[in-house]
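One structure is given below, encoded as structure tokens.
FYI, it's all coordinate maths here, none of it is from the lab. Just so we're clear, the structure is a prediction, and the values are computed from it rather than from any experiment. With ideal geometry, Cβ positions are generated from the backbone for all residues, glycine too; neighbour counts draw on all protein chains shown.
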Amino acid sequence: MNVGPGLRERKKQQTRQLLERMQAFEDDLLHAIRERPAGEPVLAAFGRFVLQPRGFLAAGAAGAAEELASVSRMIANSPALRAREAQILARYTDTLAGVIADETGTGPDDPRPWVTANALIGVHRALIAYLRQRILAGHDSLPDLALDVRSHGETALALLAHGLRGYAPQRLDTGPGDGLASQP
């Protein structure tokens, strides 16, 4: 596809702005974690931060929904941007794991900071994927999207807060092909 210089420059500018917003998100996230009140679990601080509408979801300006849809389409249609997003999210995870390890005084062989950071950033990844899917499906009401994302996030965070111990046990089929399952 042949694109003109104006469109190419607009895409470059959108990409720069997107990467700047992602860096600002990481900085703000780490600040929220580091500056949480004494005794507050990292999950609570992360949850408060990630459930707060920000960026386009907090914007009330006309055109914010279309800009969010445009950015979502741009990422969804670009393998390079999706790969860059994955790299940035991996960096978020590593940096957050380092902050948690420093705060807890754990050594490099302790998996808990890294597992915790992966679970938390996994919530963020799930929210990004959910929001992108909703936008690409044509949902454009920012207040409704913000509420939907918050609800989705609360569900994910509740799973982490209650632990994974009893989640998704293997189901036992009652018979071949009947589609029914019984719990032990």
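In table form, for the structure just shown:
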item	result
Relative contact order (%) - the chain, alpha-carbon pairs under 8 angstrom, separation at least six	23
Cα-based helix-to-principal-axis angle, 112-136 vs the chain, degrees rounded to 10	50
Cα long-axis angle, helix 64-76 against the chain (0 to 90 degrees, to the nearest 10)	70
Tilt relative to the chain, helix 79-104 - C-alpha long axis, 0 to 90 degrees, to 10	50
Label-point gap, in nm, between Arg48 and Ala168 - each point 7 angstrom along Cα→Cβ	3.0
Computed lengthening from Asp28 to Ser141, 0.36 nm per intervening residue step minus Cα-Cα distance	38.1 nm
Distance (nanometres) between label positions extended 7 Å along Cα→Cβ at Ala158 and Ala80	4.3
Cα gyration tensor shape of segment 5-182, rounded if a/c is under 1.5, else prolate or oblate by comparing a/b with b/c	oblate
